[in-house]
Amino acid sequence: MKLNWGIALATIYVGFMILMLGVVYKSRQHDVNLVASDYFEQELNYQEEIDAQTNANHLAEKVTVDYTGGKIHIQLSDFGPSANGQVVLFRPSDRHLDQIFPLKVSEDSKMIIPTDHLKKGLWDVKIKWESAGKKYQYKHSVFL
């Protein structure tokens with residue numbers, strides 16, 4: 001049996017359409033995990049973040065974040081319990097694992113966060129606080 005060019009062209013076209021429909025179906029099955037659902041609003045406020053990071057960089061004693069003994073140790077030397085803010089543990093690979101803690105600094109300017117409930121891997125620690133009407137922000141990556 002001899003195929004003419006019309007049947008061959010139709011077969012190629014139908015095969016291509018089936019392939020494209022398969023690709024569309026598989027792509028709809030894939031979960032798209034955005035870093036943040038409100039990234040447009042965050043982008044509009046990015047200059048405030050830059051200013052807060054600049055304020056933190058100009059402190060006499062720098063903020064330190066350290067992971068030892070299964071705990072994250074945060075040292076805010078220039079601030080005591082008067083610092084008001086939050087600590088965000090951000091998981092770049094899965095936003096559903098993000099954790100937010102209120103900033104509770106002890107008298108010796110330290111805060112300790114236990115990590116036994118956190119999944120192992122890379123975490124970004126973002127500390128945002130305000131003191132005397134001035135905003136501060138510090139970021140540090142920790143590998144648990």
Criterion (modelled with pLDDT of 75 or more and under 30 Å from Arg91 (Cα atoms)) met by exactly one of Val24, Val14, Val35:
Val24
Which of the residues spanning the range 124-135 are crowded, with 18+ Cβ neighbours inside 10 Å and modelled with pLDDT under 90?
Trp129
Of the conditions (1) part of a helix (DSSP H, G or I); (2) surrounded by 13 or more Cβ atoms within 10 Å (Cβ to Cβ); (3) without any contact (Cβ under 8 Å) to a residue 24 or more places away in the chain, Ile50 fails just one. Which one is it?
(2)
Any residue at all in the range 87-97 that is under 20 Å from the mean Cα position of the chain (by Cα), charged (D, E, K, R) and loosely packed, with under 13 Cβ neighbours inside 10 Å?
yes
When the range 76-100 is examined, which residues are found to be modelled with pLDDT of 85 or more and within 19 Å of Ala52 (Cα to Cα)?
Gly85, Gln86, Val87, Val88, Leu89, Phe90, Ile100
Going residue by residue through the range 55-67, is there one that turns out to be part of a helix (DSSP H, G or I) and out of contact with any strand residue (DSSP E or B) (no Cβ under 8 Å at 6 or more places or on another chain)?
yes
Assess whether Asp124 counts as being closer than 17 Å to Glu49 by Cα and in contact with a Phe, Trp or Tyr (Cβ under 9 Å, 6 or more places away or on another chain).
yes
In this structure, does Pro114 turn out to be more than 17 Å from the chain's Cα centre (by Cα) and modelled with pLDDT of 85 or more?
yes
When you go through (1) loosely packed, with under 10 Cβ neighbours inside 10 Å; (2) under 28 Å from Asp108 (Cβ atoms) one by one for Leu59, which number turns out not to apply?
(1)
Residue list for the range 71-117, filter: touching a strand residue (DSSP E or B) at 6+ places or on another chain (Cβ under 7 Å) and in a loop (DSSP other than H, G, I, E, B):
Phe79, Ser82, Ala83, Arg91, Pro92, Asp98, Leu103, Lys104, Val105, Ser109, Thr115
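The values are calculated or read from the model by the stated rules, or taken from the named source; none is laboratory data. Note that the coordinates shown come from a computational prediction; the quantities given were computed from them, not determined experimentally. As a convention, Cβ positions derive from the backbone with ideal geometry for all residues, glycine included, and neighbour counts pool all protein chains shown.
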